[in-house]
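For reference, the structure is listed below as structure tokens.
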Amino acid sequence: MRRSEFERAVVHEFGPRASALTADLVLSTLGDRTATQAIEAGIPPRDVWLALCEETDVPVERRYGAGRLEPRRR
């Protein structure tokens, strides 16, 4: 997962709360960092996404592949 995919996934899942969650919610599984701090510290966006999902009880079926763009049609 790229950072842009992470950002799309967060906005898609959390809507207007997305920026507040990534900036303010401390994730204990990522060393007591926010999502923003974790990514800046070099933690892969996919790991941050999964930790954020776990902390906010996002259903498992909405976690995998989140943030990916649909393939282009030819």
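If I model a spin label at Phe14 and Glu40 as a point 7 Å from the Cα along the Cα→Cβ vector, what separation in nanometres do I get?
1.5 nm
Return the distance in nm (one decimal) between the two label points of a simple spin-label model at Ser28 and Thr56, each offset 7 Å from Cα along Cα→Cβ.
About 1.9 nm, to one decimal.
Once you keep just the Cα pairs under 8 angstrom separated by 6 or more residues, what percentage relative contact order results for the chain? Intermediate values should be presented prior to the final figure.
Details: 63 pairs, mean separation 28.1, N = 74.
RCO, the chain: 38 percent.
Helix 3-14 sits at what angle to the longest principal axis of the chain, using alpha carbons and giving 0 to 90 degrees rounded to 10?
80 degrees
Under the rule of at least 5 residues apart or a separate chain, name every residue whose amide H is placed under 5 Å from the amide H of Val26.
Sorted by chain and number, the residues that satisfy this come to none at all.
With axes computed from alpha carbons, what is the tilt in degrees of helix 45-55 against the longest principal axis of the chain, rounded to the nearest 10 within 0 to 90?
So the helix axis and the longest Cα principal axis differ by about 70 degrees.
Sorted by mean Cβ packing within 10 Å, highest first, what order do the peptides 26-38, 49-61 take? Display every interim value, and only then the final one.
On the way: 26-38: 16.6, 49-61: 14.8.
Taking the mean over residues of other Cβ atoms within 10 Å, the ranking is 26-38, 49-61.
Here, each number is a calculation from the coordinates, and none is a lab measurement. A quick note: this is a predicted structure, and the numbers were derived from the prediction, not measured. Neighbour counts run over all protein chains shown; Cβ positions are idealised from the backbone, glycine included.
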